[in-house]
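These notes are about the structure you will find just below.
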Amino acid sequence: GAGVSQSPRYKVAKRGQDVALRCDPISGHVSLFWYQQALGQGPEFLTYFQNEAQLDKSGLPSDRFFAERPEGSVSTLKIQRTQQEDSAVYLCASSFAGGFSDTQYFGPGTRLTVL
Amino acid sequence: AQSVTQLGSHVSVSEGALVLLRCNYSSSVPPYLFWYVQYPNQGLQLLLKYTTGATLVKGINGFEAEFKKSETSFHLTKPSAHMSDAAEYFCAVSPWMDSSYKLIFGSGTRLLVRP
């Protein structure tokens, strides 16, 4: 079956612009995660949804970052007034049930470059 | 707070040689442990995971890892490297004891395979 898909794959934004990144999880997966991966680093957790409920947003770096999953499937990560330090790969992952040991399946990521 | 340490940002081996990638975690209570592989411009793919039970875990592509509680380690090994193993490898923990569903990743080890 289809895996996790993300769009766009690449995004270039001028500093101060708003961007929206989309994630389509695997069909039927309850849990959805967003991670930020800076160049040469491991992914860092941003936020977590179970169905449409955002249960953990402790990793969002500032109030410029906002995520939603209104119908419990597709999710959008929005970054307002982008800054150069927001340049990174944004990874989306989904898991079937969201248990602590569940495998998270990752999408290919969106590479955001802020000029 | 939980943390993951991967010793060696780059590991270089000859084709056919043993692969050993090191991972240590910080928790006194064993977390769930994962190894992921990332090929260029792709998302992360699960190699293997340890939750409970047998401490020697076998994964895909001939990789295996052994959980050693006394050493707080979960090193990844493969008896004979193949050129196609060249990629970035990430160790991750699921800090279930903190009631968090996120993964905490190490900074990664890039595996280079020499012909």
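The values are calculated or read from the model by the stated rules, or taken from the named source; none is laboratory data. Because the structure is predicted, anything quoted here is derived from the model rather than measured. Neighbour counts run over all protein chains shown; Cβ positions are idealised from the backbone, glycine included. Side chains included, ligands, DNA and RNA excluded: accessible areas come from the protein's heavy atoms. Shrake-Rupley method; radii C 1.70, N 1.55, O 1.52, S 1.80 Å.
Structure values in brief
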{"item": "Accessible area per residue in Å² at 1.4 Å probe, computed on the stretch A:47-115", "result": "45 Å²"}
{"item": "Shielded by partner chains, the stretch A:31-77 residues - at least 30 Å² of accessible area, 1.4 Å probe, vs chain alone", "result": "A:TYR35, A:GLN37, A:GLY42, A:PRO43, A:PHE45"}
{"item": "Fraction of alpha-carbon pairs over 22 Å apart in the protein assembly as shown - percent", "result": "52 percent"}
{"item": "Heavy-atom accessible area per residue - the stretch B:1-41, 1.4 Å, Å²", "result": "46 Å²"}
{"item": "Chain A - percent relative contact order, Cα under 8 Å, separation 6 or more", "result": "37 percent"}
{"item": "Under Karplus coefficients 6.51, -1.76 and 1.60, residue-wise ³J(HN,Hα) of the stretch A:7-16 in Hz, glycine/proline x", "result": "8, x, 6, 9, 9, 10, 10, 7, 3, x"}
{"item": "Distance between the stretch B:57-115 and the stretch A:2-21 - C-alpha centres, whole angstrom", "result": "29 Å"}
{"item": "B:ILE60 accessible area, assembled protein chains, probe 1.4 Å, Å²", "result": "60 Å²"}
{"item": "Dimensionless Rg over Rh [chain A; C-alpha; Kirkwood]", "result": "0.95"}
{"item": "Violating pairs (Cα-Cα greater than 32 angstrom) within the set B:LYS58/B:LYS102; A:LYS78/B:LYS58; A:LYS57/B:LYS49; A:LYS11/B:LYS78; A:LYS78/B:LYS78; B:LYS69/B:LYS102", "result": "A:LYS78/B:LYS58; A:LYS11/B:LYS78; A:LYS78/B:LYS78"}
{"item": "Ranked packing of A:81-94, A:59-72, most packed first, by mean Cβ within 10 Å", "result": "A:81-94, A:59-72"}
{"item": "Inter-chain Cβ neighbour average for residues A:91-100, partner chain, 10 Å", "result": "3"}
{"item": "Interface size A-B, as summed buried accessible area [1.4 Å probe, Å², nearest 100]", "result": "1800 Å²"}
{"item": "³J(HN,Hα) computed for each position of the stretch B:9-22 - Karplus, 6.51 cos²θ - 1.76 cosθ + 1.60, integer Hz, glycine/proline x", "result": "6, 9, 10, 10, 9, 7, 4, x, 7, 5, 9, 9, 10, 9"}
{"item": "Accessible heavy-atom area order of B:TYR101, A:TYR105, B:TYR25, highest first, probe of 1.4 Å", "result": "A:TYR105, B:TYR101, B:TYR25"}
{"item": "Relative intensity, log₁₀ I(q)/I(0), of chain B from a Debye sum that treats every alpha carbon as a point, q = 0.12, 0.19, 0.24 Å⁻¹", "result": "-0.39, -0.95, -1.45"}
